[in-house]
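Working notes, structure below.
The values are calculated or read from the model by the stated rules, or taken from the named source; none is laboratory data. Quick caveat: nothing in here was measured; it's all calculated off a predicted structure. Quick reminder, even Gly has a Cβ in these numbers, built from the backbone with ideal geometry, and neighbours come from all protein chains shown. With ligands, DNA and RNA removed, areas are computed over all heavy atoms of the protein, side chains included. Shrake-Rupley method; radii C 1.70, N 1.55, O 1.52, S 1.80 Å.
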Amino acid sequence: MKGFVRLIAAAVLTAAGATGVLAQAKEWKEIRIGTEGAYPPFNNLNAKKELEGFEIDYANMLCEKMKVKCTWVVQDWDGIIPALLANKYDIIIAGMNATDERKKQVDFTAVYTKTPIWAISAKSAGSDISPAALKGKAIGTQGSTIHANFLEKFYKDSTIRLYPTQEEANLDLANGRLDYIIADSLSLEDFLNGKGKDCCKKAADVPRDATIHGPGTAGAVRKADVELKAMWDKAIAESIADGSHKKIQDKWFKFPIL
């Protein structure tokens with residue numbers, strides 16, 4: 001009987017080794033972070049082609065907490081999840097909402113921002129943004145986003161125009177080629193205080209749809225990288241508890257983002 005037990009144990013160990021069940025947990029000393037670099041004030045490439053924004057400062061601070069070396073990789077939004085899955089980087093920090101649809105491909109860290117969604121328009125436009133009121137109107141937003149999904153679900157009688165970046169949608173509104181755009185309030189506030197201050201206004205808050213918008217913005221990791229997710233979860237929780245999240249928030253925003 002003892003010999004039989006030893007044989008079974010050996011077989012289990014062999015199988016476990018083959019499948020990686022007993023593989024040692026990966027020790028993360030270097031982390032590559034993917035971001036878009038085109039979504040101010042969260043992440044943006046400035047005139048010197050340097051990354052800046054709340055998420056850049058915040059993630060760099062979290063890397064210090066985790067005592068790891070972090071490097072940044074800039075990636076167009078449309079390919080940002082495929083590039084993560086192709087191992088171009090290890091985590092996405094790019095204003096990405098943790099939606100159920102995206103969870104089919106990736107896992108998400110704890111949420112680090114949750115902000116309102118706005119519709120903005122020309123100053124002469126109305127504030128009724130119901131699907132009936134915007135029938136036939138041209139509405140723009142960045143493609144492959146929760147905002148695009150929202151428009152496609154609820155505004156089938158409007159003309160929906162999707163853009164590679166939110167900035168391109170903003171500029172088309174300023175130039176009169178769109179009637180409305182929707183996006184995260186902080187991104188649009190940045191536009192309204194800058195290039196859009198003379199042309200445009202906040203029209204209304206966009207109601208959140210739980211199935212489309214998710215609980216808030218979080219980091220996205222590959223499903224296999226369980227230890228990496230745990231590291232970021234711990235660092236995010238610590239940053240909220242010790243006030244370092246608020247310190248960076250206050251540098252970039254005038255009101256709470258979480």
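Here are some notes:
- Summarised in one figure, the compactness ratio Rg/Rh of segment 25-160, Cα atoms and Kirkwood Rh, is 1.04.
- Average accessible area per residue (Å²) across the chain - probe 1.4 Å, nucleic acids and ligands excluded: 51
- Given charges at Cβ of Lys, Arg, Asp, Glu: segment 117-213 dipole, positive-most of Gly194, Ala138, Asn170: Ala138
- Full-stretch length increase - Glu64, Lys104 - with 0.36 nm per residue and alpha-carbon distance subtracted: 11.4 nm
- Here the accessible area of segment 26-71 is 47 percent carbon and sulfur, with a 1.4 angstrom probe and all protein chains present.
- Semi-axes of the equivalent ellipsoid of the chain are 41, 21, 15 Å, computed as sqrt(5λ) over the eigenvalues of the C-alpha gyration tensor in descending order.
- Computed from phi, the 3J(HN,Hα) profile of segment 196-208 under the Karplus parametrisation 6.51, -1.76, 1.60 (θ = phi - 60°) reads x, 5, 8, 10, 10, 8, 6, 8, 5, 6, 8, x, 6 Hz, with x in place of Gly and Pro.
- Environment charge at Ile257 (Cβ cut-off 14 Å; Lys +1, Arg +1, Asp -1, Glu -1): -1
- CD proxy at 222 nm, helix term only [per DSSP H run n ≥ 4: -39500 (n - 2.57); per residue of the chain; nearest 500]: -10500 deg cm²/dmol
- Near Asp157: Cβ cut-off under 10 Å, other residues only, Lys/Arg at +1 and Asp/Glu at -1. The net charge is +3.
- Contact order relative to length of the chain, as percent, for alpha carbon pairs under 8 angstrom and 6 or more apart: 26
- Within the chain: Cβ-based charge dipole about Cα centre, in debye rounded to nearest 20 (Lys, Arg +1; Asp, Glu -1): 520
- Taking only protein heavy atoms and a 1.4 Å probe, the accessible area of segment 117-213 is 48% carbon and sulfur.
- Theoretical FRET efficiency, 1/(1+(r/R0)^6), r = Cβ-Cβ of Glu52 and Lys88, R0 35 Å, to 0.05: 0.95
- Gain in span if fully extended, Cys199 to Ala122, counting 0.36 nm per residue against the direct Cα distance: 27.1 nm
- Listed residues Ala132, Ala59, Ala220, most fluctuating in the chain (Gaussian network, C-alpha, under 10 Å): Ala132
- Relative contact order of segment 117-213, pairs being alpha-carbon contacts under 8 Å that are 6 or more residues apart, as %: 46
- With 27 Å as the limit, the listed pairs Lys202/Lys254; Lys69/Lys247; Lys69/Lys246 all fall inside it between alpha carbons.
- Separation of segment 37-92 from segment 191-217 is 22 Å, based on Cα centroids.
- Here the extension length gained between Thr159 and Ala237 equals 23.9 nm, from 0.36 nm per residue of separation less the Cα-Cα distance.
- Cα gyration tensor shape of segment 117-213, rounded if a/c is under 1.5, else prolate or oblate by comparing a/b with b/c: rounded
- Residue list for segment 58-78, given a label point 7 angstrom along the Cα-to-Cβ vector of Glu30 and an amide N cut-off under 14 Å: 68-73
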